[in-house]
Amino acid sequence: MMWLFLSLWTILAQPAPAQPAPDPVEPAGRLELASQESLQGNHQRVIDLLSNLLYPTSQFSTEDEEIKALRLLGLSYWFLNNPGEATKAFTMLLNRRPDFKLDPVVVPAGAIVFFNEVRSKLREKLQEIERLKREEEERKKREKEEAERRIQEELRRNAPVLRETTVIHKNYMLFNFFPLGLGQFQNGQDGKGWMFVGLQALTGAMSVSAYTYLKYKYPRGMVPQEEKVSARQIQYLQVGAGAAFFALWMASVVDALVFHKPTRKTTDRRYVPGRRRLEMFGAPLEGGGFVLGVQGDF
């Protein structure tokens, strides 16, 4: 039991791991270290840590870090009775951020008075800086608005517009009497047209095939007695298929005449890039009819 107690006491008595110290090499680490030194009143140490990070050019990656460093540096010079360098640091700070103010809770009143005196001497310059900043912001705003306006204008010009093309076809009465659904196709009834094409092609091919078979098997028309039955069946097929072909032909003719119209209109609608012009066009078709449409740039 004693050894268990000693083991627990040893574990609990071990010191907590120390927090890693800021890296004094990196600007951010040196800034953190300078902040700690300032709290302890080591103002010369603050100057040694920060001066070469701010002069002649700032080595900090963000403006907030630079402002914090200038504040610590200016206060350290003030505490060491070096008004010239303090003025230099506060001037750089105010040039970066004209509306900056020291916190009276943590900064002595004398330092705040000194800081405000520097601000008063820089008032005209700071006002000019503010004016230039406002002008720059307004210029950027105008440029942004102009860029957006141009983008919207470009989008409006290139936006797809619906183009409608109307074609007027002339239907010829003679085409209604042709086989293979030509009259149906002319009337715009493609479904019925393909139906007549299929049925007439099938019956016509069967009739011609049967005729060709009999013609070449019995070129002189002499059919042997034992083949008369089969030859007669093939002949029936030839005649029946031929009759079906002509019946379908007549049906297609009647159907084409019933639905015949002198003209047929088709309309094509498609989206095209918009522009800025609008024009109508019309032209005769080579196979008959006339095309009429609208095209253009809006």
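Rule-based calculations on the coordinates, nothing more; no lab input. Computed from a predicted structure; not experimentally measured. For neighbour counting, all protein chains shown are included, and Cβ atoms are generated from backbone atoms with ideal geometry for every residue, glycine included.
General observations
- Computed magnitude of the charge dipole of segment 20-121 (debye, nearest 20; Cβ of K, R +1, Cβ of D, E -1): 380 debye
- Hits among aspartates and glutamates - C-alpha to C-alpha of Lys144 under 18 Å, sequence gap 8 or more where chains match: Glu135, Glu136, Glu153, Glu154
- Semi-axis lengths (Å, descending) of the ellipsoid that matches the C-alpha gyration tensor of segment 177-240: 35, 10, 7
- Across the options Thr62, Leu93, Ser35, the greatest Cα extent toward the positive end of the charge dipole of segment 20-121 (unit charges at beta carbon of Lys, Arg, Asp, Glu) belongs to Leu93.
- Along its first, second and third principal axes, ordered by size, segment 20-121 spans 40, 26, 23 Å in Cα coordinates.
- Think of segment 154-266 as having a plus end and a minus end, set by charges on the Cβ of Lys, Arg, Asp and Glu; of Met195, Pro262, Tyr216, Pro262 sits farthest toward the positive end of this dipole.
- The alpha carbon radius of gyration of segment 40-189, expressed as a multiple of 2.2 N^0.38 Å, is 2.51.
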